[in-house]
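**Q** Could you have a look at this structure, given as structure tokens, before my questions?
The values are calculated or read from the model by the stated rules, or taken from the named source; none is laboratory data. Since the structure is predicted, the reported quantities are computational estimates derived from the model, not experimental observations. Glycine also receives a Cβ, built like all others from the backbone with ideal geometry; neighbour counts cover every protein chain displayed.
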Amino acid sequence: MAFPQTRMRRLRRSPVLRDMLAETSLSPKDLVAPLFVRQGADAPQPVPSLPGVVQHTTESLVKEARRLQGLGVPAIMLFGVPETKDAQGSQAWAREGVVQVALRALRHELGDDMVVMADLCLDEYTDHGHCGLVRADGRVDNDTTLELYARVALAQADAGAHVVAPSGMMDGQVAAIRAALDGGGHDEVAVLAYAAKFASALYGPFRDAVDVTIAGGGDRRGYQQDYRNRREALREVALDVAEGADMVMVKPAVTYLDVVAAVRQAVDVPLAAYHVSGEYAMVKAAAANGWVDGPAVAVEQLVAVKRAGADMVLTYFAGEVAEILAA
Ligand code: PBG
């Protein structure tokens, strides 16, 4: 009797055979590029903890979006860095707020050539750095925050966002935003809910990118999810879908592949996963030391996120990986 009886290696003989049989594909169209725009900047500002990422001016933002679109990346997720912050985060919904100005410029240049998504939260705009209104007792108040999210949703939709993406993890935020959009004549604007967003230590570099420090050394564990819980993520997702989310997201991505896979099983709406700043920075730092092959690890991680069941991946590698995939 021949031994071994089953030869798995027959199908690994050549690149073309392996490509033909690959179960998972990664293409630029699977990627969403998070981009930062800074109010009052006269030149793009590098973010030291995110090598290759900058805080854009409106002009450089529009150029970068056009470049990404040329590479086949279909969408961007926009974050703003305002010049002034206050307790409510009022620049988040100001007509001349940094994101609203940028959204109008993007839509003017790109029309419908690209899907323009806007992160919908208050933390970049509040002087205390929390994602909602802070009460006298120091806790973030859920329901008054929802009223502010509704204002932000309308401002972003009025400015031309195709998709708004609430990331604050307040209860009922999707329903409040959907109602505001519909009431404001924006029934075509879609909601991508950061449904299962964990209180993660991997957001550190992002907070550098948006100049956010949480007051008093605080954290977001009172509203973001505990990373020890997977079933709870499924409840969050189910609630957001019931409230009208068109698409849902798991965040972070690589550290939460089990959650991505479970959500994929549980719902049929499009599923995104966010390869977050810390996940990106770790690859960049190891690559800079010559310890890993950065582009190869990046592609491997993004493929893993798709293999787990995500339809799209938000990643700071979008441009770099789109270039690799095109080569
Ligand atoms: C909140 C928000 C955060 C990220 C995206 N939206 C930060 C946070 O929750 O503290 C993190 C993204 C990343 O780390 O890449 N507006």
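**Q** Does the stretch 236-248 contain any residue that is over 19 Å from residue 134 (Cα atoms), part of a helix (DSSP H, G or I) and among the charged types (D, E, K, R)?
**A** yes
**Q** Right, next: Output the residues belonging to the stretch 198-208 that are modelled with pLDDT of 90 or more and more than 7 Å from the ligand (Cβ to nearest atom).
**A** Once the filter is applied, which keeps residues that are modelled with pLDDT of 90 or more and more than 7 Å from the ligand (Cβ to nearest atom), the stretch 198-208 yields 198, 199, 200, 201, 204.
**Q** Okay, next question. For the stretch 292-327: of the residues being in contact with a Pro (Cβ under 6 Å, 6 or more places away or on another chain) and not in a loop (DSSP other than H, G, I, E, B), which is nearest to residue 50 (Cα to Cα)?
**A** 314
**Q** Looking only at the stretch 45-95, filter to residues that are of a type in the set (A, V, I, L, M, F, W, C), assigned to a helix (DSSP H, G or I) and more than 16 Å from the ligand (Cβ to nearest atom); which one of those is farthest from the chain's Cα centre (by Cα)?
**A** Checking each candidate, the answer is 62.
**Q** Output the number of residues of the stretch 89-114 satisfying the condition of being polar (S, T, N, Q) and in contact with a Ser or Thr (Cβ under 8 Å, 6 or more places away or on another chain).
**A** Of the residues in the stretch 89-114, 1 are polar (S, T, N, Q) and in contact with a Ser or Thr (Cβ under 8 Å, 6 or more places away or on another chain).
**Q** Of the numbered conditions (1) buried (at least 17 other Cβ atoms within 10 Å of the Cβ); (2) under 21 Å from residue 162 (Cβ atoms), residue 109 satisfies every one except a single condition; which is it?
**A** It is condition (1) that residue 109 fails.
**Q** Six or more apart or on different chains, Cβ under 8 Å: which pairs go from a residue in the stretch 269-285 that's of a type in the set (Lys, Arg) to one that's at pLDDT 95 or above and within 12 Å of the ligand (Cβ to nearest atom)? Could you list them?
**A** Between residues of the stretch 269-285 that are of a type in the set (Lys, Arg) and residues that are at pLDDT 95 or above and within 12 Å of the ligand (Cβ to nearest atom), the close pairs are 284/50.
**Q** Check whether at least one residue in the stretch 228-250 is surrounded by fewer than 21 Cβ atoms within 10 Å (Cβ to Cβ), at pLDDT 95 or above, over 22 Å from residue 115 (Cα atoms) and within 12 Å of the ligand (Cβ to nearest atom), and report yes or no.
**A** The answer is no, given that none of the residues of the stretch 228-250 is surrounded by fewer than 21 Cβ atoms within 10 Å (Cβ to Cβ), at pLDDT 95 or above, over 22 Å from residue 115 (Cα atoms) and within 12 Å of the ligand (Cβ to nearest atom).
**Q** When you scan the stretch 145-155, do you find a residue that is assigned to a loop (DSSP other than H, G, I, E, B) and within 16 Å of the ligand (Cβ to nearest atom), even just one?
**A** Within the stretch 145-155 (the criterion being assigned to a loop (DSSP other than H, G, I, E, B) and within 16 Å of the ligand (Cβ to nearest atom)), the answer is no, since none of the residues qualifies.
**Q** Scan the stretch 9-30 and give yes if some residue there is part of a loop (DSSP other than H, G, I, E, B), closer than 27 Å to residue 286 by Cα and within 16 Å of the ligand (Cβ to nearest atom), otherwise no.
**A** no
**Q** Continuing with the same structure: Taking the stretch 112-134 only, how many residues are part of a strand (DSSP E or B) and either closer than 14 Å to residue 164 by Cβ or of a type in the set (S, T, N, Q) (or both)?
**A** Final tally of qualifying residues: 7.
**Q** Please go through the stretch 169-214 and give me each residue that is among the hydrophobic types (A, V, I, L, M, F, W, C), assigned to a loop (DSSP other than H, G, I, E, B) and closer than 17 Å to residue 124 by Cα, ordered by number.
**A** If the condition is that a residue be among the hydrophobic types (A, V, I, L, M, F, W, C), assigned to a loop (DSSP other than H, G, I, E, B) and closer than 17 Å to residue 124 by Cα, then 169, 170, 199, 210, 212, 214 are the ones that fit.
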